[in-house]
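Notes to accompany the following structure.
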Amino acid sequence: MDDLPQQETGTPSSQKLSLPDIPAHLPILPLSDVVVLPYMIAPLLITSPNSIRLIDDVVAGDRLIGVTLQRNPDDEHPRADQLQKVGCIARVNRMLKFPDDSVRVLIQGLKRMRIAEVIGEKPYLVATVAPVEDEVQGGLELTAFTRNVSKQFQEIVDLTPNLPDELKVAVLNIDDPSKLADVITANLNLPLEEKQTLLETHDVRLRLSLLSTWLNRELEVLHLGSEIQSKVSNALSKSQRDYFLREQLKQIQNELGEGGDGSSEIKELREKIEKANMPAEVKKVANKELDRLAAIPAASAEYTVARTYLDWLVMLPWSKRSEDKLDVIRAKRILDEDHYDLEQVKKRILEYLSVLKLKSNDGPGKGPILCFVGPPGVGKTSLGMSIARALGRKFMRISLGGVRDEAEIRGHRRTYIGALPGRIIQGLRRVESNNPVFMLDEIDKVGADFRGDPSAALLEVLDPQQNNSFSDHYLELPFDLSHVMFITTANLLEPIPPALRDRMEVIELPGYTEEDKRHIATKYLIPRQLSEHGLKPEQLRIQPPALAGIIRAYTREAGVRNLERQIATICRRTARKIVEKKSKSVTVTKANLKEFLGAPEFFHEAVERSTEPGVAVGLAWTSVGGDILFVEATQMPGKGQLILTGSLGDVMKESVQAALSYVRSHAGLLKIDAAQFEKSDFHVHVPAGAIPKDGPSAGITMAVALVSLLTKRPVKPATAMTGEITLRGKILPVGGIKEKVLAASRSGVRTILLPEQNRKDLADIPSEVRKKLKFVFVRTIAEAVTVAL
């Protein structure tokens, strides 16, 4: 269409229309988005040259035109068949021309019309029109419709702010039902289709009926909108009231000098953000959260959540770090002062320190991730503290034993009440440094349940390629952990998931020898216990033979915890004697050791119990270090059954069955009467029965015990052995040789049978232990039997 209607006013004529003579032919003006009704006054904007010419011709003549709605509002130049057949005869009351060549006109609807025939389309449409008369059937129903429509419209005027109150008066003064329907329709915001339907409805009663239905719909919409607006207004009124009360409270607090406006708190936080030297991304989030905090009422629960979050952000050591002390000689001296032996660990730390010194110009390097594996009491945890002292760094330790919730590592999301960051971020805030020595103790004791798997969360923490952007669930911001030196500790490697184990550099800490324990007790344990018990060195002296007696007869362990407890017991009893003035000083000798510690707790059972046929001594590797175990075999009349007791695992049971099968199949070679196997049952027992045992390394011990039983030849005294066997009689290598050998040495063993392929492991055994023991390397069970029996 070329004619663009301006805003529809819908203002009705207050006077009765004087209808001029209607010519048979009228120019037709198509309209795209307005339906003109009788009595309606509407402004139009005309931009099409053809339509402007139409207006010029009409204004120069009788000012009458026909207006009708086009079917498709997007048509620029609609044809006659694209127009509604029913329209309205209108009069052009006023015309204004503007510099942009557009024309604005004011028209007034006069009477309904129908287009009968188009008689010309150039330069604009001209058609034969037929006026349409209203069909009015008087009666009570028409009166009822008229009054109802009038009442409904007046209610709409009350609920619609943009409808003037004068319309109510105008509608009340209209007696003609047809005019009433047209005036109300012109002032309602109805869809064009519905207005066109009302225009085409000649029956006044039906027109009022349709109008009443649509008025009722509009009233429902307005009532609903009014109800919504009322609720919003009430909420706004309450918010405004709260705001004014808070402002008054602030002014009162200011008068009292209490500074209740909160601006000082916001200012203080902003200063802390500037001083925290955060990364740009973190600083942007912190400032955004601070602006949000400033807009939240202090009494709101959300205020506390936002404030706590900001406190965590400003308190974290984003750029604070300890200055590394890169003196390798000093670090070696400190490590030697704090720990005896442990050369492999000390070597690794000094290598790391040397690399840091060479790369000092390139900034701080990535921290190593070490895993100390060893039995309890060998100094894994204290070694971490010593490393921190040698490097000049802060030390932080958390225990992972029994941790089953992933949130312990990654923290809780802020949507939860009382949410906090995980232990990693909490630890860094506590030490106020982003490059501490961070010890994760007992990593092999981590569990998992429905709350997640903490070991999976540790994969990111302990990966040097990922932990430079560690994301805690609470912070939801990356934190750089690459400068942290992580040290984990474990008693066993097996429980640690393979993916986690692969991320760590494993350093094994074996158990101590008797000589090591004497050095540690003399240099570290005794001075420390004397100090803790308020004793002076001259008040208590433990002679070397007495110390050796404590180690042999009162402790049997890989570490030195029990040894320190026994020394503490001696210190306590000495302190009592001195306080009671029974003596001024005490000397502990091998002879009077029982007075302080009672009867010895351990004996060299290996010598005593292996003198009977059917008893052999094996070597085991446990989470507390090495240990010895006894294998006892006995024979009784029966039908060749094998009985196994002693809490044996499946692998160990299979080792016994393999040993018996080998002995039966090689009875002739071993000089055993084969008839015994059919007439006897065999019972193999491994004390102590309450302790679960498993693993293949006792296979050689089982075979030797069975051969000893069947040949009635006892195992040589003070002889122990370890090794896995096959059905062909081969002896395969096993692990934990160093721990097993140390345990054998502590137990009084003098000869040890080892698989030939474990010969290389002798290099790890201290020289003083190697001198005390005789090692025999065997390839087959037959060789082992020859040596052992």
Equivalent-ellipsoid semi-axes of the stretch 560-698, from the Cα gyration tensor, Å, largest first: 48, 16, 12
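Heavy atoms only, probe 1.4 angstrom, no DNA, RNA or ligands counted: give me His25, His483 ranked by accessible area, highest first.
His25, His483
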Could you pull the accessible area for Ile542 with a 1.4 Å probe, rounded to 10 Å²? 30
Förster-model FRET efficiency, 60 Å R0, Arg451 and Asp176, C-beta, rounded to 0.05: 0.15
With a Förster radius of 56 Å, plug the Cβ-Cβ distance of Lys536 and Val232 into 1/(1 + (r/R0)^6) and report the FRET value to the nearest 0.05. 0.10
As a check on your grasp of the helix formula, calculate [θ] at 222 nm for the chain: sum -39500 (n - 2.57) over DSSP H runs of n ≥ 4, divide by the residue count, round to the nearest 500. -12500 deg cm²/dmol
Given the Cα atoms of the stretch 630-789, and with Rh set as the inverse mean 1/r over their pairs in the Kirkwood sense, what is Rg to Rh to two decimals? 0.97
Taking Cα atoms only, helix 140-159 is inclined relative to the longest principal axis of the chain by an angle, in degrees rounded to 10, of 50
Using r as the Cβ-Cβ distance of Glu432 and Arg565, and R0 as 30 Å, what FRET efficiency do you calculate, to the nearest 0.05? 0.25
Pairwise label distance in nanometres, Lys523 with Ile643, each label 7 Å out on the Cα-Cβ vector: 5.3
Find how many whole Å separate the alpha carbon centroid of the stretch 301-379 from the alpha carbon centroid of the stretch 473-510. 14
Shape descriptors of the stretch 107-257 over alpha-carbon atoms, Rg and Dmax in angstrom, are 24.7, 90
If I histogram all Cα-Cα distances within the stretch 125-180 using bins 5 Å wide from 0, what percent of pairs lands in each bin? 4, 16, 21, 17, 13, 10, 9, 8, 2
Please work out how much length the chain gains when fully extended from Gln757 to Asp33, using 0.36 nm per residue of separation minus the C-alpha to C-alpha distance, in nm with one decimal. 250.8 nm
List the lysines whose Cα lies under 27 Å from the Cα of Lys122, skipping any in the same chain that are fewer than 8 positions away. Lys85, Lys97, Lys111
Plugging the Kirkwood radius over Cα pairs into Stokes-Einstein for the stretch 383-514, at a temperature of 10 °C and a viscosity of 1.306 mPa s, what D comes out in µm²/s? 103
Using label points projected 7 Å from each Cα along Cα→Cβ, tell me how many nm separate Tyr243 and Lys671, to one decimal. 10.8
Karplus-derived HN-Hα couplings along the stretch 221-229 (A = 6.51, B = -1.76, C = 1.60, θ = phi - 60°), whole Hz, x at Gly and Pro: 4, 5, 5, 5, x, 5, 5, 4, 4
Quick check: with the 1.4 Å probe, what order do Ser697, Ser386 take by accessible area, largest first? Ser697, Ser386
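Tell me, what is the Rg over Rh of the stretch 171-228, with Rh the Kirkwood radius over Cα pairs?
Computed over Cα atoms, the ratio is 1.01.
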What figure, in Å² to the nearest 10, do you get for the accessible area of His473 with a 1.4 Å probe and non-protein molecules left out? 40
Per principal axis, largest first, the Cα atoms of the chain extend in Å by 144, 81, 56
From the phi of every residue in the stretch 524-529, what ³J(HN,Hα) in whole Hz does the Karplus formula 6.51 cos²θ - 1.76 cosθ + 1.60 yield, where θ is phi - 60° and glycine or proline is x? 10, 5, 5, x, 5, 5
In whole percent, the fraction of accessible protein surface over the stretch 314-465 that belongs to carbon or sulfur atoms, probe radius 1.4 Å, stands at 51
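Ranked from highest to lowest mean number of other Cβ atoms within 10 Å per residue, what is the order of the peptides 45-51, 782-788?
Highest mean packing first, the order is 782-788, 45-51.
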Put Arg71, Arg393, Arg713 in order of accessible area, largest first, 1.4 Å probe: what do you get? Arg71, Arg713, Arg393
What does the charge count near Ser708 come to, summing +1 for each Lys or Arg and -1 for each Asp or Glu among other residues with Cβ under 11 Å from its Cβ? +1
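The values are calculated or read from the model by the stated rules, or taken from the named source; none is laboratory data. Predicted model, so just to flag it, every value in this text is computed and none were measured. Positions of Cβ are generated from backbone atoms using ideal geometry, with glycine treated the same way; all protein chains shown enter the neighbour counts. SASA here: full protein model, heavy atoms, side chains in, ligands and nucleic acids out. Shrake-Rupley method; radii C 1.70, N 1.55, O 1.52, S 1.80 Å.
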